[in-house]
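Have a look at the structure below before the remarks.
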Amino acid sequence: MKKNGGKARLYVWGAIGFFVFFFALQDIGSLVPKEYQFEAEIEVPKTPEQVWNKLVQTDRWKEWVPQIQSVEKVSQNYPEIGSHLQVASFVSDGKKMVDQLEVTERIDQKVFAVRHTKVWIDGKAAPIINGMSRLELGSDQPGWTKITVTGSFQVKGPVNRFLARYMMKPVVDETVSRTVAKIQSHLQKTERKT
């Protein structure tokens, strides 16, 4: 009889511990920012026109972001403002992410921006909202282009914000850094070949 009573107390304390942990995570998560931002910048020995022509070609994106599995032009008028793309990629643990993008800004040879309209991870809606990515091209000297990559995303719910802050944000920062380095390397290699 005493054994069963001990087991019941264990379950009660386990349940209390779970709820204390869950509510503590909620409180901590509510203190974590809702929006995360990233930025990276590089310079390449190409004109803004040469860089622009490479960056808007979606078939090249896989070269720079190895996680990308496919890029589908949902709209025939890509890269016009309002056109849509769907990007499938692999994220941690082999999970598949599908990201629907809408072109929100385009100034030839200067600015290209997209809004992440819907994001799914393994077929489930991700808690990411209001995502945005922007490429800006500038030139301080002839024959060189400065590429600035900026972006942001918001995360729903305190628990998801807590997880995003300590798990997702470092991955996003690392991916952006690697991607920008690959773009720089690729553009410099093509320069050497010509």
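The values are calculated or read from the model by the stated rules, or taken from the named source; none is laboratory data. In this text, all values refer to a predicted model and were calculated from it rather than measured experimentally. With ideal geometry, Cβ positions are generated from the backbone for all residues, glycine too; neighbour counts draw on all protein chains shown.
Going through the range 131-152 one residue at a time, which ones are in contact (Cβ under 8 Å) with a residue 60 or more places away in the chain and over 27 Å from Pro45 (Cα atoms)?
Ser152
Take the residues in the range 117-140 that are part of a loop (DSSP other than H, G, I, E, B) and within 18 Å of Gln50 (Cα to Cα); name whichever of them is modelled with the highest pLDDT.
Going through the qualifying residues, I end up with Ser139.
Do any residues in the range 36-62 that are more than 29 Å from Asn77 (Cα to Cα) have Cβ atoms under 7 Å from those of residues that are in a helix (DSSP H, G or I) and among the charged types (D, E, K, R), where the two are at least six apart or on different chains, and which pairs are they?
Listed pairs, sorted by first residue: Tyr36/Lys169; Pro45/Glu191.
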